[in-house]
Amino acid sequence: MSGFWNTSENKPVQASNDFEVTTALEPIPSNELLRSIITEAKWAEYQGDEYINARWDVIEGEYKGRVLFQKIRVKDASDKKRDKAIQMLAAIDANAGGKLMSSGKEPTDVAMMQHLCNKPMVIRVRIWSMEDEVTKEVRTGNWIDGVFSASGSAPVKKKAAPASALSTDFDDDIGF
């Protein structure tokens, strides 16, 4: 029998009709600064809403290995939300070398993967929560409200954001 169906201890997997993975991770605390990289950036669409979907991987510190997803709504119908999203994308691009903005064109999936990925930056996260209308269960997670230069060192926990850093305040109009 092939080793494909063996566990990491080289034991055969016992087949059953049920399997459940518990991944109930608590959200990362608000205002946490995380040294991270984008590992995927591409255009996405859901119910007519087109946006850039970025996957951030935390690369250092207590939350190393955690993954956060960011919807950058650069085509939002609301001018206020679109402007914030464009500013966020511009700050991400600036921290990654500025190649997207210098082209003057709308970025393609290929351009975003080439110019935004694997460039260390610091992101700041906040916590969102919402109640499920049917089950009344409150769900929580993280969203990214700031991006900053990595400056070559790991971020300090709970450090106040530098005055020159971009921050998007989505408290009244969360951008996900």
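Under 9 Å from the Cβ of Val138, count the other residues' Cβ atoms, weight Lys and Arg +1, Asp and Glu -1, and hand me the total. Walk me through the numbers before you get to the answer.
Working: positive: Lys136, Arg139; negative: Glu131, Asp132, Glu137.
Overall, the nearby charge balance is -1.
Of the cross-linked pairs Lys84/Lys136; Lys64/Lys84; Lys71/Lys136; Lys71/Lys105; Lys80/Lys136, which ones have a Cα-Cα span greater than 22 Å in the structure shown? Exceeds cut-off: Lys84/Lys136; Lys64/Lys84; Lys71/Lys136; Lys80/Lys136. Annotation: extensible slack from Thr140 through Asn6 equals 44.7 nm (criterion: 0.36 nm per residue apart, minus Cα-Cα distance).
Tyr46: net charge of surrounding residues, Cβ under 14 Å, Lys/Arg +1, Asp/Glu -1, itself excluded?
0
Which order do peptides 37-43, 133-139, 102-108, 120-126 fall in by mean Cβ count within 10 Å, highest first? Don't skip to the answer; put the middle values down first.
On the way: 37-43: 18.1, 133-139: 7.9, 102-108: 11.9, 120-126: 22.6.
Top of the packing list down: 120-126, 37-43, 102-108, 133-139.
Coordinate-derived values only; no laboratory data. All figures in this text were calculated on a predicted structure; none of them were measured in a lab. So basically every Cβ, Gly included, is an ideal-geometry build from the backbone, and we count neighbours across all protein chains shown.
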